[in-house]
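First up is the structure itself, then whatever we jot down about it.
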Amino acid sequence: KNQVEQSPQSLIILEGKNCTLQCNYTVSPFSNLRWYKQDTGRGPVSLTIMTFSENTKSNGRYTATLDADTKQSSLHITASQLSDSASYICVVSEEGSNYQLIWGAGTKLIIKP
Amino acid sequence: DTAVSQTPKYLVTQMGNDKSIKCEQNLGHDTMYWYKQDSKKFLKIMFSYNNKELIINETVPNRFSPKSPDKAHLNLHINSLELGDSAVYFCASSQDGGLGYGYTFGSGTRLTVV
């Protein structure tokens, strides 16, 4: 069964600190992996998308990594800001079915001043 | 000039009622979706339309019926609402199956059935 699991479920860090969120998946055959940021009361917003051949991609202070062999991804946030408080969701697409995305439950990140 | 807009943002209604949620996108995307986000925060796809044609119809009760009058609109009608229908419903749109940054979500409609 295709699944996406994220850890930790929630994380609290101080403003200015770095953090790393994890995503493991069992989706096969793999097409691409996306990280989304979802603010409370808002829809998810895309941060990065990586295909099989990419193992790292950055978007400002966000850097995603992908190891397609071990089926793991991470999202690293550098120099966190209060506005980074949100849920971060890992989403994996199965090859040949870009219309269907398999969503993780997300990691709720809280940045404290 | 919101890219994907849904209305209403909040909807509280009694069991057994029929309600509709509307969605419009001004991005020129070919594909639109309805997702349900439950209390555990998982987003589950319900329906997908590509150029007004239904391409995904996940196992949802037939009380849910999507309607796409044109490729910029995808509405969701729900009959005989039940307590378990309470959730946040998100509309989204994408171009070329969403491979890229074109997958855009609306702000969600929080449905509460009492």
(request) May I ask you to list the residues in the range B:8-37 that are surrounded by fewer than 16 Cβ atoms within 10 Å (Cβ to Cβ) and polar (S, T, N, Q)? (result) B:Gln14, B:Asn17, B:Ser20, B:Asn26
(request) Name every residue in the range A:87-112 that is of a type in the set (Phe, Trp, Tyr) and modelled with pLDDT under 90, in order of residue number. (result) A:Tyr99, A:Trp103
(message) Taking the condition of being within 12 Å of another protein chain (Cβ to nearest Cβ) and touching a residue at least 40 places away in the same chain (Cβ under 8 Å), how many residues in the range A:23-46 meet it?
(response) 11
(message) Here is a list: B:Ile56, B:Ile45, B:Ile21. Which entry is hydrophobic (A, V, I, L, M, F, W, C), under 15 Å from the mean Cα position of the chain (by Cα), under 24 Å from A:Gly41 (Cα atoms) and at the interface with chain A (Cβ under 9 Å from one of its Cβ atoms)?
(response) B:Ile45
(request) Working carefully through the options A:Thr65, A:Thr20, find the one that is surrounded by fewer than 21 Cβ atoms within 10 Å (Cβ to Cβ), in a strand (DSSP E or B), free of Cβ contacts under 8 Å to residues at least 40 places away in the same chain and more than 14 Å from chain B (Cβ to nearest Cβ). (result) A:Thr65
(message) For the range B:6-41, which positions are of a type in the set (Lys, Arg) and either under 15 Å from B:Ala92 (Cα atoms) or in a loop (DSSP other than H, G, I, E, B) (or both)?
(response) B:Lys9, B:Lys22, B:Lys36, B:Lys40, B:Lys41
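The values are calculated or read from the model by the stated rules, or taken from the named source; none is laboratory data. Note that the structure is a prediction, hence the values are computed from the model and not measured. Glycine gets a Cβ as well: all are built from the backbone with ideal geometry, and neighbour counts include every protein chain shown.
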